[in-house]
Each structure stands twice: as C-alpha cells, then as structure tokens.
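Comments concern the structure below.
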Amino acid sequence: MDTQTIAAISTPAGEGGIGIVRVSGSKAYEVADKVFRSAGGKRLAEIPGYTALFGAVYDGQERLDTAVALKFKGPKSYTGEDVIELSIHGGSRVLTRLLRAVLGAGARLAEPGEFTRRAFLNGKMDLTQAESVMQLIHARSDSELRMANAASMGLLSRDIEKLLDVLSELAASIAVFSDYPEEDLPQLDNGIFRKKLLTCQQALNEKLSRYDTGRMITEGIDTAIVGRPNVGKSTLMNLITGATRSLVTDIAGTTRDVIEDTVRFGGTILRLADTAGIHNTDEPIEQMGVDLAKARIGTADLVLAVFDTSRKPNTEDEQLIESLQGKTVIAVLNKSDCRAYDYKPLVSAFPTVAVSAREGTGLKELEKTIGQVVGTAGFDPSGATLLGERQRYAAVTALSSIEEAIKTLDSGFTIDAVGVCVDDAMQALCELIGKRVTTEVADQVFRHFCVGK
Ligand code: GDP
C-alpha cells in the first residue's frame, strides 16, 4: 500500500462559510506544521489527538487566512492514519492556495476516493461501508439516506457474513469428508445440506428483490402506459404529470413515438413513457410506433395497461393482455365517468383500478395500487440493502453457484462437486463485502469517488 502523505480539498467547489483541506499519512502533522501557525505558538505535532488549535495558514511568508486545525491520531481517524483537517473560509482561491502550500510542504495530491480507499485498506470499513459513503453523499431522498446509513452501519455485511458462516460450515464438512475418505466417517446428510443451501438461496433472492425495489425507489419505476388507440393514455399521462405534454386528440394514433417524463407520484418516482396505441395497422410509421410500444413493455418495471370502458373490449385488447403475461401490470379501466362495458373478465389476471383520466378521479387508488404492486409501499429503507450494480452482480454470482450446488446435490454427483460450487459462492460473497478482493475491484469502486473523499 502507498503510504505517502496525501492531501485534498474535502469540501465542494464554490463559495461557502467553511472549506477544509484534509491531510492524511505518517507525515500529516509535519506537513501541516509547515503551513499552519497557531496563535499560542503550539505545534500540531506536540498537542494530543482530537484537539483543535486556532491560528492562521501561510504559503511561505504570505498569510492566506485564519484557520482552525483539528488533529486526529491514527488508527482512530477516518483513514486509520494520522490526519489533520485545516478549516478555513470556503473560497475557491484561498482553498487552492492552501492546498498548493500543503503540497509544497511534502504531501501529494490525493486521488479520487483515496481517503476512503485508505480507510478500507486499513480495515476501518469494509467495501459495502465504503460504497455507502458515496451513496450517502449522492442521496436525494430520505429513503436513499436511510439505505446508505443501514449499509454504513454494516447491516448488509452482517447479513452476508451470516451466509458465509453457513457456507463455510458446509465447506468444512465437505473438506473433512473428502480429505479423510479412509477414516470411515458417517455419511454426510444430504437433507441437512440441501436445507442449508436453500436457506442461502432464499436469503439471496430476498436481497436481490430488495435491491430491485430499492432501485425503483431511488431511480424511479420505469413505467409504460400502453393500450389501443384512444383509450386515454395521453390524458392519463397528462393527469399524472400535471402538464399537457402529450397531444390529446380524438384522432386515433396521435402519439407516434414514446413520450417520457419523470414525476413524483405519491411516495414513488415514476419514469413514465406514454406509448403509441397498440393496434393492427398497415401504415409503416404507425407500425414503428407500435413496435416501440411493444419494446417498452419488454423493458418496463411496471405496465399501466389502459382500457376504454366506454367501448366494447375487442381482439386488440385481448392481444394486449396476452402480450403482458409475466409482466408487472395494473389494468387501468379508464373513462369510468361513462362506463358502459364490463372489462373485469378480460383483465382478471391483473390488479385493476377504475379511473376517469378526464375528470381526474381514481388517482389516489392508482397511487396506492402502484405502491402495493411494485413493493415500494411496504419497503423499509433502513433494512440491509445491496447498493449498486457491483454488489448486485456479486450476489447474483453467489446465488447461481448455490443453485448449481443444489442441482449437483440433487443429481447425485460426488460431494466434492458440491464443494466446488459452495467455494464459488463463498468467493462471490467475500468479494461483495471486500474480503479477498483484488486491486482491480477496489480500483473500480473508488474510481467513482470524488477527490477529497
Ligand atoms: P390515447 O390515444 O390513448 O392517448 O387517448 P387520448 O388521451 O388522446 O384520449 C382520447 C380521447 O378520449 C380524447 O378525446 C380524450 O378527451 C378522451 N378521454 C380520455 N380520458 C377520458 C375519460 O376519462 N373520460 C372520457 N369521457 N373521455 C376521456
């Protein structure tokens, strides 16, 4: 590990009341003492840790600003090393000059995320906690903040460690059995093995589903509004977004491509896409719109399938229903103000909400049903949640190795073969929390950090 003393401006660019230059490493006190002079003449190197000195910072003989220097003693610091934080006024020029002076005094400029990287390498936090730091900085909602805090307290790592305990117990008994075949050990109990593997499978499935729900809460639910022409898709879109963005007309086929908008709808964020009316057409441009709509159904987290209850259900509605199998769908029975036909038998497979997009009724019910259907309604953000694609990928890899282990066990292969799968699963889970992680993985994580963090 690189042990050079590093420094960076740790507060955001721009003007503010306070700006901080952070210095970390074995020479932190020595470097800071070259640029900071305390009012009482004390040196940072000689005062106890966790105390502050008031004084001024200098670039050579030039006084830059009044300052407060705060001393942390390694290993009880953010990075685990000796750290000095120099707080001055938050102006970009004065901070840049101070940083330059600190670099001139013997520190080197920190790379993005290097303070947190050092904290990780010095065992102050594991990888999931390090990643939660970025999540916390980027949090825009209370839910994101709570998810980041849960991870920073190590809740996720604790859950993953529990799975690792179960798997290492399995791995250990497999190892004993295969290393001492001549010892006449009692036969391993496949039933117990299977049960433990199933517990791990269930736990990982639960984590992955929480991840999807958490992602929908933080990034919004990718929602496609679909239906045949003139059922009221654009009117519904406009009602939800509160703006007349999609063109609403009586002429079928007005929305030719996809119109998108992101709105907060009750407790959730919807990334709405109003699509062209799905119907059978010979018109090539219209057909393109229909194809785009169908593609949107394929990728959406949620489909709002709109039906016009003032008109009789037809084969196009039936075809639409068929194309929605396996998707998360809410059937929106529109035009409830002039309802004439019963659509319930047609949409019996899906939760339904009656609305009048024109009159603006039924929205509350729609809001509630969305929360229930996608799982955001009952989601507790303070539980342990996977943060980010890296963690998700590790969990998916572990899950597929566990599923492979169950399959291997069930098809009567030797216990060694099951052991290989268990080892693979453990490797993936170790990577998730940063145990036995390669430099490339660490690089990948910290590359996304800002300088000074
Ligand atoms: P789209 O082709 O599915 O996007 O449908 P539009 O939103 O363009 O609406 C088609 C027609 O239905 C327009 O004349 C709307 O005013 C009308 N419409 C939409 N929603 C309602 C509703 O809830 N009640 C009634 N009576 N008419 C509606």
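The values are calculated or read from the model by the stated rules, or taken from the named source; none is laboratory data. Worth saying up front: this structure is predicted, and the values here are computed from it rather than measured. So basically every Cβ, Gly included, is an ideal-geometry build from the backbone, and we count neighbours across all protein chains shown.
Tell me which residues, restricted to the stretch 215-244, are in contact with a helix residue (DSSP H, G or I) (Cβ under 8 Å, 6 or more places away or on another chain) and not β-branched (Val, Ile, Thr). Within the stretch 215-244, 216, 222, 224, 227, 228, 239 meet the criteria.
Filter the stretch 214-237 down to the residues that are assigned to a helix (DSSP H, G or I) and modelled with pLDDT of 90 or more and list them by number.
Initially, the stretch 214-237 is screened for residues assigned to a helix (DSSP H, G or I), giving 214-219, 233-237.
Result: 233, 234, 235, 236, 237.
The stretch 1-118 holds strands (runs of 3 or more DSSP E) entirely within its bounds, and those carrying 1 or more residues that are surrounded by 19 or more Cβ atoms within 10 Å (Cβ to Cβ) and touching a Lys or Arg at 6+ places or on another chain (Cβ under 8 Å) map to 6-9, 16-24, 52-59, 62-72, 83-90.
There is no residue in the stretch 129-149 that is within 20 Å of residue 399 (Cβ to Cβ), among the basic types (Lys, Arg) and in a helix (DSSP H, G or I). Counting the residues of the stretch 201-238 that are more than 19 Å from residue 299 (Cβ to Cβ) and within 16 Å of the ligand (Cβ to nearest atom) gives 9.
Figure legend. Inter-residue proximity from the stretch 320-336: first residues farther than 14 Å from residue 351 by Cβ, second residues of a type in the set (D, E, K, R), beta-carbon distance below 7 Å, spacing 6+ or different chains. Indicated pairs: 320/228; 323/294; 334/308; 335/308.
Quick test for you: out of 325, 319, 372, pick the one residue that is closer than 23 Å to residue 280 by Cα and part of a helix (DSSP H, G or I). Walk me through how you get there before you give the answer.
Details: 325 fails: part of a helix (DSSP H, G or I); 372 fails: closer than 23 Å to residue 280 by Cα.
The unique qualifying residue is 319.
Of all residues being without any contact (Cβ under 8 Å) to a residue 24 or more places away in the chain and more than 16 Å from the ligand (Cβ to nearest atom) in the stretch 288-307, which is farthest from residue 330 (Cα to Cα)? Just the residue, please.
Filtering the stretch 288-307 for residues without any contact (Cβ under 8 Å) to a residue 24 or more places away in the chain gives 290-291, 295, 298.
Okay, now just the ones that are also more than 16 Å from the ligand (Cβ to nearest atom), so 291, 295, 298.
Working: 291: 21, 295: 18, 298: 15 Å.
Top of the filtered list is 291.
Buried (at least 18 other Cβ atoms within 10 Å of the Cβ) and either out of contact with any Leu (no Cβ under 8 Å at 6 or more places or on another chain) or at pLDDT 85 or above (or both): is that true of residue 251 in this structure?
Details: buried (at least 18 other Cβ atoms within 10 Å of the Cβ): no; either out of contact with any Leu (no Cβ under 8 Å at 6 or more places or on another chain) or at pLDDT 85 or above (or both): yes.
No: the conditions fail for residue 251.
The single condition among (1) closer than 16 Å to residue 391 by Cα; (2) not in a helix (DSSP H, G or I) that residue 123 does not meet is (1). Filtering 271, 311 for residues that are more than 16 Å from the ligand (Cβ to nearest atom) and either assigned to a loop (DSSP other than H, G, I, E, B) or surrounded by fewer than 21 Cβ atoms within 10 Å (Cβ to Cβ) (or both) leaves a single hit, 271.
Quick one: would you say residue 120 is within 21 Å of residue 29 (Cα to Cα) and touching a residue at least 12 places away in the same chain (Cβ under 8 Å)? Steps first, answer last, please.
Numbers: within 21 Å of residue 29 (Cα to Cα): no; touching a residue at least 12 places away in the same chain (Cβ under 8 Å): yes.
No.
Annotation for the stretch 320-341: at least one member residue is of a type outside the set (D, E, K, R), more than 10 Å from the ligand (Cβ to nearest atom), over 24 Å from residue 222 (Cβ atoms) and at pLDDT 90 or above. From the list 405, 417, which residue is touching a helix residue (DSSP H, G or I) at 6+ places or on another chain (Cβ under 9 Å), within 20 Å of residue 179 (Cβ to Cβ), at pLDDT below 90 and of a type in the set (A, V, I, L, M, F, W, C)? Only one candidate passes the filter, namely 417.
Residues checked against (1) farther than 21 Å from residue 219 by Cα; (2) not in a loop (DSSP other than H, G, I, E, B):
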{"position": "368", "(1), (2)": "no, yes"}
{"position": "381", "(1), (2)": "no, no"}
{"position": "386", "(1), (2)": "no, no"}
{"position": "390", "(1), (2)": "no, yes"}
{"position": "394", "(1), (2)": "no, yes"}
{"position": "398", "(1), (2)": "yes, yes"}
{"position": "412", "(1), (2)": "yes, no"}
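Note on the stretch 353-384: among residues that are buried (at least 19 other Cβ atoms within 10 Å of the Cβ), within 16 Å of the ligand (Cβ to nearest atom) and not hydrophobic (A, V, I, L, M, F, W, C), the one that is nearest to the chain's Cα centre (by Cα) is 362.
Might you check whether a residue that is away from the ligand (no atom under 16 Å from the Cβ), assigned to a loop (DSSP other than H, G, I, E, B) and without any contact (Cβ under 8 Å) to a residue 12 or more places away in the chain occurs anywhere in the stretch 189-200? Walk me through how you get there before you give the answer.
Here is the first cut: in the stretch 189-200, the ones away from the ligand (no atom under 16 Å from the Cβ) are 189-200.
Subsequent filtering for residues that are assigned to a loop (DSSP other than H, G, I, E, B) retains 189.
With without any contact (Cβ under 8 Å) to a residue 12 or more places away in the chain added as a condition, the list becomes 189.
Within the stretch 189-200, one or more residues are away from the ligand (no atom under 16 Å from the Cβ), assigned to a loop (DSSP other than H, G, I, E, B) and without any contact (Cβ under 8 Å) to a residue 12 or more places away in the chain.
Being of a type in the set (Ser, Thr, Tyr), touching a residue at least 40 places away in the same chain (Cβ under 8 Å), surrounded by fewer than 20 Cβ atoms within 10 Å (Cβ to Cβ) and farther than 30 Å from residue 83 by Cα is the requirement here; does residue 411 meet it? Criteria not met by residue 411.
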